[in-house]
Amino acid sequence: MAARNDAGAKRQIIRAMKNISPCVACPNSELGFCRAVLKDAEKAGPTLGEGSDWQHHLFIPAGKLVLAPNQPLPDVYVLCNGWGIRFLQLANGRRQIISFLLPGDLFSASTVFEERFHFSVKALTAIQVSAMKRKEVQSRAAANPSVVMAVADFCCMEMEAADRMMAALGHYSAEERIAYLFLHLMKRISALNVIRDHRYPFPLRQQHIAEAVGLTPVHVSRVLGTFRERRTAELSNGVLQVFNLPELQRMGALS
(Lines give C-alpha, C1' and ligand atoms only; values in the text may rest on other atoms or scores of the structure.)
Protein backbone atom coordinates (compact mmCIF):
# COMPACT_ATOMS: atom_id res chain seq x y z
CA MET A 1 0.00 0.00 0.00
CA ALA A 2 2.80 2.41 0.92
CA ALA A 3 4.54 1.69 -2.40
CA ARG A 4 1.34 2.47 -4.33
CA ASN A 5 0.91 5.71 -2.39
CA ASP A 6 4.51 6.72 -3.14
CA ALA A 7 4.05 5.96 -6.83
CA GLY A 8 0.84 8.02 -6.91
CA ALA A 9 2.55 10.93 -5.17
CA LYS A 10 5.40 10.83 -7.68
CA ARG A 11 2.95 10.93 -10.61
CA GLN A 12 1.22 13.96 -9.07
CA ILE A 13 4.54 15.73 -8.64
CA ILE A 14 5.49 14.99 -12.26
CA ARG A 15 2.14 16.29 -13.52
CA ALA A 16 2.53 19.44 -11.41
CA MET A 17 6.04 20.01 -12.73
CA LYS A 18 4.81 19.72 -16.30
CA ASN A 19 2.24 22.43 -15.61
CA ILE A 20 4.79 24.87 -14.17
CA SER A 21 5.57 27.60 -16.66
CA PRO A 22 9.25 28.32 -17.42
CA CYS A 23 8.34 31.91 -16.55
CA VAL A 24 8.38 30.98 -12.84
CA ALA A 25 12.16 30.59 -12.84
CA CYS A 26 12.91 33.12 -15.59
CA PRO A 27 15.23 35.95 -14.44
CA ASN A 28 13.50 38.27 -16.90
CA SER A 29 9.96 37.72 -15.62
CA GLU A 30 10.19 40.97 -13.65
CA LEU A 31 10.83 43.02 -16.79
CA GLY A 32 8.13 45.41 -18.00
CA PHE A 33 5.91 43.51 -20.42
CA CYS A 34 6.27 40.07 -18.87
CA ARG A 35 5.63 41.36 -15.38
CA ALA A 36 2.56 43.30 -16.49
CA VAL A 37 0.97 40.44 -18.44
CA LEU A 38 1.91 37.53 -16.19
CA LYS A 39 1.68 39.08 -12.72
CA ASP A 40 0.02 42.47 -12.56
CA ALA A 41 -2.81 41.44 -14.89
CA GLU A 42 -3.52 38.27 -12.95
CA LYS A 43 -3.87 40.30 -9.75
CA ALA A 44 -6.41 42.56 -11.43
CA GLY A 45 -8.99 39.79 -11.71
CA PRO A 46 -10.51 37.60 -14.45
CA THR A 47 -10.20 38.37 -18.15
CA LEU A 48 -12.00 37.01 -21.17
CA GLY A 49 -10.06 33.83 -20.51
CA GLU A 50 -8.20 31.71 -23.02
CA GLY A 51 -7.90 28.79 -20.59
CA SER A 52 -4.69 27.19 -19.42
CA ASP A 53 -3.28 26.99 -22.94
CA TRP A 54 -3.15 30.72 -23.62
CA GLN A 55 0.67 30.66 -23.36
CA HIS A 56 3.25 28.18 -24.60
CA HIS A 57 7.01 28.14 -25.06
CA LEU A 58 9.12 27.39 -28.11
CA PHE A 59 12.76 26.33 -28.26
CA ILE A 60 14.34 27.35 -31.55
CA PRO A 61 17.85 26.51 -32.80
CA ALA A 62 20.31 29.14 -33.98
CA GLY A 63 19.82 30.28 -37.55
CA LYS A 64 16.17 29.22 -37.84
CA LEU A 65 13.56 31.62 -39.20
CA VAL A 66 10.91 32.26 -36.55
CA LEU A 67 8.55 34.68 -38.31
CA ALA A 68 8.09 35.57 -41.97
CA PRO A 69 6.36 38.68 -43.40
CA ASN A 70 2.59 38.56 -43.86
CA GLN A 71 2.34 35.25 -42.03
CA PRO A 72 -0.90 35.33 -39.99
CA LEU A 73 -0.18 34.35 -36.40
CA PRO A 74 -2.47 34.42 -33.35
CA ASP A 75 0.29 34.99 -30.80
CA VAL A 76 2.34 37.76 -29.23
CA TYR A 77 6.00 36.75 -28.94
CA VAL A 78 8.50 37.57 -26.20
CA LEU A 79 12.13 36.46 -26.29
CA CYS A 80 13.00 34.58 -23.10
CA ASN A 81 16.62 33.53 -23.70
CA GLY A 82 19.25 34.05 -26.37
CA TRP A 83 19.54 36.63 -29.15
CA GLY A 84 17.36 37.20 -32.20
CA ILE A 85 17.34 39.57 -35.14
CA ARG A 86 14.40 41.46 -36.61
CA PHE A 87 15.00 42.31 -40.25
CA LEU A 88 13.64 43.28 -43.66
CA GLN A 89 14.48 41.14 -46.67
CA LEU A 90 15.11 43.50 -49.59
CA ALA A 91 14.18 42.89 -53.22
CA ASN A 92 17.86 42.76 -54.24
CA GLY A 93 18.46 39.82 -51.90
CA ARG A 94 20.16 41.86 -49.20
CA ARG A 95 18.99 42.08 -45.62
CA GLN A 96 18.59 45.07 -43.33
CA ILE A 97 18.64 44.25 -39.63
CA ILE A 98 16.15 46.53 -37.90
CA SER A 99 16.97 45.50 -34.35
CA PHE A 100 18.64 42.89 -32.19
CA LEU A 101 16.27 41.11 -29.82
CA LEU A 102 17.45 40.42 -26.28
CA PRO A 103 15.75 38.57 -23.39
CA GLY A 104 12.57 40.29 -22.26
CA ASP A 105 11.94 41.92 -25.65
CA LEU A 106 8.67 41.79 -27.50
CA PHE A 107 9.38 40.92 -31.11
CA SER A 108 7.66 44.24 -31.77
CA ALA A 109 4.99 46.29 -30.02
CA SER A 110 2.92 45.92 -33.20
CA THR A 111 2.48 42.19 -32.55
CA VAL A 112 0.10 43.04 -29.69
CA PHE A 113 -2.34 44.58 -32.18
CA GLU A 114 -1.74 42.93 -35.55
CA GLU A 115 -1.62 39.34 -36.76
CA ARG A 116 0.52 40.03 -39.84
CA PHE A 117 3.93 41.69 -39.72
CA HIS A 118 6.09 43.50 -42.26
CA PHE A 119 9.34 42.08 -40.86
CA SER A 120 11.03 38.73 -40.31
CA VAL A 121 12.57 37.34 -37.13
CA LYS A 122 15.44 34.87 -37.01
CA ALA A 123 17.23 33.17 -34.12
CA LEU A 124 20.77 34.54 -33.91
CA THR A 125 21.62 32.04 -31.17
CA ALA A 126 19.52 29.19 -29.82
CA ILE A 127 16.51 30.91 -28.27
CA GLN A 128 13.49 30.30 -26.09
CA VAL A 129 10.31 32.19 -26.95
CA SER A 130 7.12 32.76 -25.00
CA ALA A 131 4.07 32.78 -27.28
CA MET A 132 0.96 34.34 -25.74
CA LYS A 133 -2.40 34.33 -27.46
CA ARG A 134 -3.10 37.83 -28.71
CA LYS A 135 -6.76 37.82 -27.64
CA GLU A 136 -5.79 37.03 -24.07
CA VAL A 137 -3.06 39.70 -24.03
CA GLN A 138 -5.55 42.25 -25.36
CA SER A 139 -8.10 41.15 -22.77
CA ARG A 140 -5.58 41.58 -19.98
CA ALA A 141 -4.63 44.99 -21.36
CA ALA A 142 -8.29 46.04 -21.31
CA ALA A 143 -8.57 44.94 -17.68
CA ASN A 144 -5.27 46.35 -16.42
CA PRO A 145 -3.66 49.68 -17.35
CA SER A 146 -0.20 48.38 -16.39
CA VAL A 147 -0.25 46.10 -19.45
CA VAL A 148 -1.11 49.06 -21.68
CA MET A 149 1.70 51.10 -20.12
CA ALA A 150 4.18 48.25 -20.60
CA VAL A 151 3.30 48.05 -24.30
CA ALA A 152 3.52 51.84 -24.58
CA ASP A 153 6.93 51.86 -22.90
CA PHE A 154 8.23 49.24 -25.32
CA CYS A 155 6.77 51.15 -28.27
CA CYS A 156 8.57 54.32 -27.14
CA MET A 157 11.81 52.39 -26.76
CA GLU A 158 11.43 50.99 -30.29
CA MET A 159 10.79 54.44 -31.73
CA GLU A 160 13.74 56.03 -29.92
CA ALA A 161 16.10 53.25 -31.02
CA ALA A 162 14.89 53.58 -34.63
CA ASP A 163 15.28 57.37 -34.60
CA ARG A 164 18.80 57.18 -33.18
CA MET A 165 19.89 54.50 -35.63
CA MET A 166 18.47 56.55 -38.52
CA ALA A 167 20.50 59.55 -37.37
CA ALA A 168 23.66 57.44 -37.12
CA LEU A 169 23.15 55.90 -40.57
CA GLY A 170 22.45 59.28 -42.12
CA HIS A 171 25.35 61.27 -40.69
CA TYR A 172 28.03 58.98 -39.23
CA SER A 173 31.15 57.49 -40.76
CA ALA A 174 31.70 53.74 -40.79
CA GLU A 175 33.73 53.85 -37.56
CA GLU A 176 31.12 56.02 -35.85
CA ARG A 177 28.24 53.77 -36.95
CA ILE A 178 29.88 50.67 -35.52
CA ALA A 179 30.87 52.50 -32.35
CA TYR A 180 27.26 53.64 -31.97
CA LEU A 181 25.95 50.09 -32.43
CA PHE A 182 28.41 48.78 -29.86
CA LEU A 183 27.41 51.43 -27.31
CA HIS A 184 23.71 50.82 -27.91
CA LEU A 185 24.01 47.07 -27.38
CA MET A 186 26.45 47.43 -24.47
CA LYS A 187 23.86 49.51 -22.63
CA ARG A 188 21.15 46.93 -23.26
CA ILE A 189 23.38 44.00 -22.29
CA SER A 190 24.43 45.76 -19.07
CA ALA A 191 20.77 46.09 -18.07
CA LEU A 192 20.43 42.28 -18.19
CA ASN A 193 23.83 41.00 -17.08
CA VAL A 194 26.58 41.73 -14.59
CA ILE A 195 29.49 42.97 -16.73
CA ARG A 196 33.07 42.64 -15.54
CA ASP A 197 36.26 44.04 -17.08
CA HIS A 198 34.21 45.60 -19.91
CA ARG A 199 33.62 42.16 -21.45
CA TYR A 200 30.20 41.82 -23.07
CA PRO A 201 28.55 38.67 -24.48
CA PHE A 202 28.26 39.61 -28.14
CA PRO A 203 27.29 36.78 -30.53
CA LEU A 204 27.47 38.95 -33.66
CA ARG A 205 29.45 38.16 -36.78
CA GLN A 206 30.79 40.81 -39.13
CA GLN A 207 27.89 40.07 -41.49
CA HIS A 208 25.36 40.95 -38.77
CA ILE A 209 27.11 44.23 -38.00
CA ALA A 210 27.25 45.05 -41.71
CA GLU A 211 23.53 44.40 -42.13
CA ALA A 212 22.69 46.56 -39.12
CA VAL A 213 24.74 49.63 -40.04
CA GLY A 214 24.62 49.58 -43.85
CA LEU A 215 28.20 48.54 -44.63
CA THR A 216 29.86 45.60 -46.36
CA PRO A 217 31.44 42.83 -44.27
CA VAL A 218 34.82 43.79 -45.73
CA HIS A 219 34.41 47.37 -44.52
CA VAL A 220 33.30 46.14 -41.10
CA SER A 221 36.39 43.92 -40.92
CA ARG A 222 38.64 46.91 -41.61
CA VAL A 223 36.96 49.01 -38.93
CA LEU A 224 37.17 46.22 -36.36
CA GLY A 225 40.85 45.82 -37.23
CA THR A 226 41.36 49.53 -36.61
CA PHE A 227 39.56 49.31 -33.27
CA ARG A 228 41.81 46.41 -32.31
CA GLU A 229 45.03 48.13 -33.38
CA ARG A 230 44.12 51.31 -31.49
CA ARG A 231 43.19 49.27 -28.42
CA THR A 232 39.68 50.71 -28.46
CA ALA A 233 37.71 47.46 -28.60
CA GLU A 234 38.00 43.90 -29.88
CA LEU A 235 35.31 41.48 -30.98
CA SER A 236 36.42 37.86 -30.74
CA ASN A 237 34.77 34.50 -30.04
CA GLY A 238 31.41 36.00 -29.16
CA VAL A 239 32.81 38.53 -26.68
CA LEU A 240 33.22 42.28 -27.10
CA GLN A 241 36.16 43.53 -25.03
CA VAL A 242 36.23 47.31 -24.59
CA PHE A 243 39.65 48.73 -23.75
CA ASN A 244 38.97 52.45 -24.15
CA LEU A 245 35.38 53.35 -23.36
CA PRO A 246 35.87 57.15 -23.57
CA GLU A 247 37.23 56.80 -27.11
CA LEU A 248 34.34 54.56 -28.14
CA GLN A 249 31.93 57.10 -26.68
CA ARG A 250 33.69 59.95 -28.46
CA MET A 251 33.13 58.24 -31.78
CA GLY A 252 29.65 56.80 -31.29
CA ALA A 253 27.67 58.90 -28.83
CA LEU A 254 24.87 60.86 -30.49
CA SER A 255 24.70 63.49 -27.74
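The values are calculated or read from the model by the stated rules, or taken from the named source; none is laboratory data. Nothing here was measured: the structure is a model prediction, and the numbers come from that model. Glycine gets a Cβ as well: all are built from the backbone with ideal geometry, and neighbour counts include every protein chain shown.
The single residue among Met166, Met157 that is more than 19 Å from the chain's Cα centre (by Cα), in a helix (DSSP H, G or I) and not polar (S, T, N, Q) turns out to be Met166. Against the numbered list (1) charged (D, E, K, R); (2) under 26 Å from Met157 (Cα atoms); (3) at pLDDT 70 or above, Glu42 comes up short only at (3).
The rows are residues; the columns are (1) surrounded by fewer than 14 Cβ atoms within 10 Å (Cβ to Cβ); (2) within 18 Å of Met132 (Cβ to Cβ).
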position	(1), (2)
Phe59	yes, yes
Lys64	yes, no
Leu67	no, yes
Trp83	no, no
Leu90	yes, no
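One residue alone among Ser139, Ser99, Ser146, Ser108 is within 15 Å of the chain's Cα centre (by Cα), of a type outside the set (Asp, Glu) and either at pLDDT below 95 or more than 26 Å from Asn193 (Cβ to Cβ) (or both), and that residue is Ser108. Residues in the stretch 181-200 that are assigned to a helix (DSSP H, G or I) and either farther than 15 Å from His219 by Cβ or in the same structural domain as Cys80 (by TED's automatic domain parsing) (or both): how many? Looking only at that region, the number is 9. Applying the condition of being in a loop (DSSP other than H, G, I, E, B) and in contact (Cβ under 8 Å) with a residue 24 or more places away in the chain to the stretch 201-231 and asking which residue is nearest to Gly170 (Cα to Cα) yields Gly214. Being farther than 15 Å from Glu158 by Cα and outside any loop (DSSP other than H, G, I, E, B) is the filter here; which residues of the stretch 85-115 pass it? Leu88, Gln89, Arg95, Gln96 - these are the residues of the stretch 85-115 that are farther than 15 Å from Glu158 by Cα and outside any loop (DSSP other than H, G, I, E, B). Right, Glu136: charged (D, E, K, R) and part of a loop (DSSP other than H, G, I, E, B) or not? No; evaluated as a whole, the condition is false for this residue. Taking the criterion of being surrounded by fewer than 17 Cβ atoms within 10 Å (Cβ to Cβ), basic (Lys, Arg) and either over 20 Å from Cys23 (Cβ atoms) or touching a strand residue (DSSP E or B) at 6+ places or on another chain (Cβ under 8 Å) (or both), the only residue of the stretch 96-144 that qualifies is Arg116.
Restricting the first member to the stretch 91-108 and to residues that are touching a residue at least 24 places away in the same chain (Cβ under 8 Å), and the second to residues that are among the acidic types (Asp, Glu), the beta-carbon pairs closer than 6 Å and six or more apart or on different chains are Arg95/Glu211; Ile97/Glu211.
When the residues of the stretch 166-186 are filtered to those that are out of contact with any helix residue (DSSP H, G or I) (no Cβ under 8 Å at 6 or more places or on another chain) and touching a residue at least 12 places away in the same chain (Cβ under 8 Å), which remaining residue is surrounded by the fewest Cβ atoms within 10 Å (Cβ to Cβ)?
Of the stretch 166-186, the ones out of contact with any helix residue (DSSP H, G or I) (no Cβ under 8 Å at 6 or more places or on another chain) are 166-167, 170-171, 173, 185-186.
Adding the requirement that they be touching a residue at least 12 places away in the same chain (Cβ under 8 Å) leaves 167, 185-186.
Values: Ala167: 13, Leu185: 19, Met186: 20.
Filtering first and then ranking leaves Ala167.
Against the conditions (1) modelled with pLDDT of 85 or more; (2) within 14 Å of the chain's Cα centre (by Cα); (3) of a type in the set (Gly, Ala, Ser), where does Gly32 fall short? Just the number, please. Evaluating Gly32 over (1) modelled with pLDDT of 85 or more; (2) within 14 Å of the chain's Cα centre (by Cα); (3) of a type in the set (Gly, Ala, Ser) leaves (1) as the failure.
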